[in-house]
Amino acid sequence: MQTEYDPRAIEDAAQAHWEQQQTFRAVEDPEREKFYCLSMFPYPSGRLHMGHVRNYTIGDVIARYQRMLGKNVLQPMGWDAFGLPAENAAIQKGIPPSQWTRSNIAYMKEQLKRLGFGYDWSRELATCDPDYYRWEQWLFTRLMQKGLAYRATATVNWDPVDQTVLANEQVIDGRGWRSGAPVEKREIEQWAVRITDYAQELLDAIDGLDGWPEQVRTMQRNWIGRSEGVYMEFGIEGSEETLGIYTTRPDTVMGVTYVAVAAEHPLARRAAAGNASLAAFIDDCRQGGISEAELETMEKKGHPLGLNARHPITGEAVPVFAANFVLMGYGTGAVMAVPAHDQRDWEFAERYGIPKRPVIVSADDSPCGIDTAAFVDKGVLVNSGPFDGLTSAQAFDAVADWLETHGKGRKRVNFRLRDWGVSRQRYWGCPIPVVRTADGDVRAETDLPVRLPEDVIVDGSGSPLKKMEAFAMLPGGETRETDTFDTFFESSWYYARYCSPDCDSAMLDKRARYWLPVDQYVGGIEHAVLHLLYARFFHKLMRDEGLVDCDEPFANLLTQGMVVAETWYREDADGRKQWFNPADVEVERDDKGKLISAVLRDDGQPVTFGGIEKMSKSKNNGVDPEALIARYGADTVRLYTMFTSPPDQSLEWNDEGVEGASRFLKRLWALAVGRAGEIADVDAAVRAEALDEAAAAARRELHMALKKALFDFQRHQFNTVVSACMTMVNVLYRLDTDAETGGGRAVLREGLSIVLRLLAPIAPHVTHHLWRELGFGDDILASAWPAVDEGALQQDTVDYVVQVNGKVRGKVQVPAEADKAAIEQAALANANVQRFIEGATVRKVIVVPNKLVNVVAK
């Protein structure tokens, strides 16, 4: 065995072995327990970053661990390949998005292989491949037939630079997330899918997602947002029409002093026809996004329509305003305003001099004035006519019953969730398989896939599909839809296609029923709402088509923490910050870690600490995984990312920690190489009766560490697994193997085999190599997972640390079977303990079994 640890040679050899043996190729086997492990697939941006490395290492550790437990493991990988970033990059480079995307895929694939991830590459997919997206086109045509996909006018976020609709999450401070352009509200026709038809099922099923973090489940519940309220109709003066309104606070209905409608509401548009100032206000409302967060924080503005609504109970006339905080896409596009009991309504009324009528008081007579803010709590009704004296809860039913009796309203369940608008006015996406006929009707395409032309140069002036007659124009005066699908469409079902990647006759085949659901899904918390919600929805759509036979796609979910690092900058005269990579900054700290100075290595001039933040290009605090692999090897990078923090918590990058991980692997290597000869002819079975006291004690430590490591593997606490392995290596270094008898060499052999197997999922290359070189077998992944020998944990005596008033004053050894009284007696009899309790009264003796004794004396 070579003396020096050479990561590159070892890792190349291990990866060649896995590829030659097709170790990670998954084949369906009904006789074996399956385990489907999946990490969220990457967007092929060009290079892996440390967030990718951490995410995929976590998934790979879990997959390898389950494989060593004897399960039939599937771990695939693919590419979320469509999307606007590719268009923007292609515009800058003057090349087709397909060329940029596929070259990135090839490069990133090699990076993933270099890290030794155990993927079944035979199942690789890219969402931009027609063989993939033809099946989501097929499913969409099925949804059209069922009435679950439809075309409608909707108010959307419009990016005037990127010329596309943006999701609310892509609007940041009123600007497009990529272009930075002020976002506009526009009404356009787009395709939508009725996810709201599944809202209640999606909500109810969350309770059964026991393997998901509670935080994620709560976020899903809040996004779906089920509420119970009352729908009611206000009359419109001088008209037969009514204005529908939904509220969750019908107990406040007698406090309505105005009604607000969206700027796009038909009432507002009609009123603006002869009102220039109202028309100008409506035009101003087009600026800005449509997210609830933005509406919550924006300055509340409005304009009277010059007409009144009629209160459904009192018949009182209340003015109607167009308001910038009401949207057509939410509810009915109109709200009843109760300024005394809603803070938003209060602020609006304060601005425009509208009365505030209190109709709720506190049930406990505590102050509830409305001079400086709205009283928003529930309580007892006043100034409410027939409802006076009722509690808010009682009034909910009473008001609803009154409205229903008089034909003016009824109880209703509402959801915050809105139908999913899937149209995007961009090129690099899956074509929507719809044709508009010469007479204006629409029909689904039947010849699938509708292929996206790939050899296209994008110039940024809208989608080139609109200008391509060969694509857009069809015989007989028909035209093809030139919008493409939201990329969430592709990422909502990719996990299922991995199960049937080569099926050319259906979206999925029977293999999907074997592998699904995914047993362990790994990905960032940033996908906790939309991606996971859409994937759950898609799964139910596929279930209803008979393609899958389970209700949910992901049985267990692990949301890994971010990789964060220090940031450093200088500020120029104009206040602009220039960010420097931490590797280029020389830092001096005192013995307590407090920053003394920080200078740029290049010029020796000071830089300012900008805090600990997520690694990003914008803050220039990223670490290049490729450089780390070249310097230390993939196993060191993997070990460091697993050891530094638990998977679900943030990992704060530390270069010294990487060095530490490298030193540990070198130490393991030196142990194995240096003592390989001592175990060459040693019997694999350890006979307890043949062990001397030192060997038995060492074996006890090994199995105690193993017991903890096995428990930590089950709960994915890989940082403490690595700690246990480090403990074992320390024990093995101390082990005396000089004597032929005494059993030290047998314990060494057993200990090395345990450490290598525990580390195999985390540092797979070096453990693969050492396993073979030490003669344990040909493939460590095929070996039995280590098991604790409970007999090894038995001991005749137990060492106790003895404290007096919380400070260590001695140690005692007592028989393992000693009772509490005997342990106390031994502790109090210790000579040094006697010194510290002399002249004092022993008030209490606390015994922590197998650990310590604390004597409380005064």
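Within the range 254-266, the set of residues being of a type in the set (A, V, I, L, M, F, W, C) and either at pLDDT below 95 or under 40 Å from the mean Cα position of the chain (by Cα) (or both) comprises 259, 260, 261, 262, 263. I'd like to check something: does the range 129-145 contain any residue that is among the hydroxyl-bearing types (Ser, Thr, Tyr), free of Cβ contacts under 8 Å to residues at least 40 places away in the same chain and at negative phi? For the range 129-145, residues among the hydroxyl-bearing types (Ser, Thr, Tyr), free of Cβ contacts under 8 Å to residues at least 40 places away in the same chain and at negative phi: absent.
Would a scan of the range 54-63 turn up a residue that is assigned to a loop (DSSP other than H, G, I, E, B), buried (at least 19 other Cβ atoms within 10 Å of the Cβ) and among the acidic types (Asp, Glu)? Within the range 54-63, not a single residue is assigned to a loop (DSSP other than H, G, I, E, B), buried (at least 19 other Cβ atoms within 10 Å of the Cβ) and among the acidic types (Asp, Glu). When the range 348-366 is limited to residues that are modelled with pLDDT under 95 and charged (D, E, K, R), the one that is nearest to the chain's Cα centre (by Cα) turns out to be 364. Against the test of being outside the structural domain of residue 151 (by TED's automatic domain parsing), among the basic types (Lys, Arg) and closer than 30 Å to residue 388 by Cα, the options 249, 269, 217 yield a single qualifying residue, 249. Per the listing 83, 78, 51, 70, the residue uniquely at pLDDT 95 or above and buried (at least 18 other Cβ atoms within 10 Å of the Cβ) is 78. Within the option set 606, 646, being in contact with a strand residue (DSSP E or B) (Cβ under 6 Å, 6 or more places away or on another chain), over 21 Å from residue 768 (Cβ atoms) and not small (Gly, Ala, Ser) holds for one residue only, 606.
So that you can scan it fast, the table gives a plain yes or no per residue for (1) surrounded by 14 or more Cβ atoms within 10 Å (Cβ to Cβ); (2) modelled with pLDDT under 95; (3) under 21 Å from the mean Cα position of the chain (by Cα); (4) part of a strand (DSSP E or B):
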position: 536; (1), (2), (3), (4): yes, no, yes, no
position: 541; (1), (2), (3), (4): yes, no, no, no
position: 549; (1), (2), (3), (4): no, no, no, no
position: 569; (1), (2), (3), (4): yes, no, no, yes
position: 575; (1), (2), (3), (4): no, yes, no, no
position: 593; (1), (2), (3), (4): no, yes, no, no
position: 599; (1), (2), (3), (4): yes, no, no, yes
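Take the residues of the range 719-772 that are polar (S, T, N, Q) and touching a residue at least 12 places away in the same chain (Cβ under 8 Å): which is surrounded by the most Cβ atoms within 10 Å (Cβ to Cβ)? Filtering the range 719-772 for residues that are polar (S, T, N, Q) and touching a residue at least 12 places away in the same chain (Cβ under 8 Å), the one surrounded by the most Cβ atoms within 10 Å (Cβ to Cβ) comes out as 767. Is it true that residue 446 is assigned to a loop (DSSP other than H, G, I, E, B), of a type in the set (Val, Ile, Thr) and surrounded by 14 or more Cβ atoms within 10 Å (Cβ to Cβ)? Answer is no for this residue. Whether any residue in the range 318-329 is modelled with pLDDT of 95 or more and among the polar types (S, T, N, Q) is what I want to check. Within the range 318-329, none of the residues are modelled with pLDDT of 95 or more and among the polar types (S, T, N, Q). Of all residues in the range 213-235, those that are within 20 Å of residue 556 (Cα to Cα) have Cβ atoms under 9 Å from Cβ atoms of residues that are crowded, with 19+ Cβ neighbours inside 10 Å and hydroxyl-bearing (Ser, Thr, Tyr), 6 or more apart or on another chain, in 213/559; 215/559; 216/559.
Please work out which residue is farthest from residue 636 (Cα to Cα), limiting yourself to the range 766-782 and to residues that are of a type in the set (D, E, K, R) and within 39 Å of the chain's Cα centre (by Cα). Checking each candidate, the answer is 778.
The values are calculated or read from the model by the stated rules, or taken from the named source; none is laboratory data. Small disclaimer: the values here were computed from a predicted structure and weren't measured. As a convention, Cβ positions derive from the backbone with ideal geometry for all residues, glycine included, and neighbour counts pool all protein chains shown.
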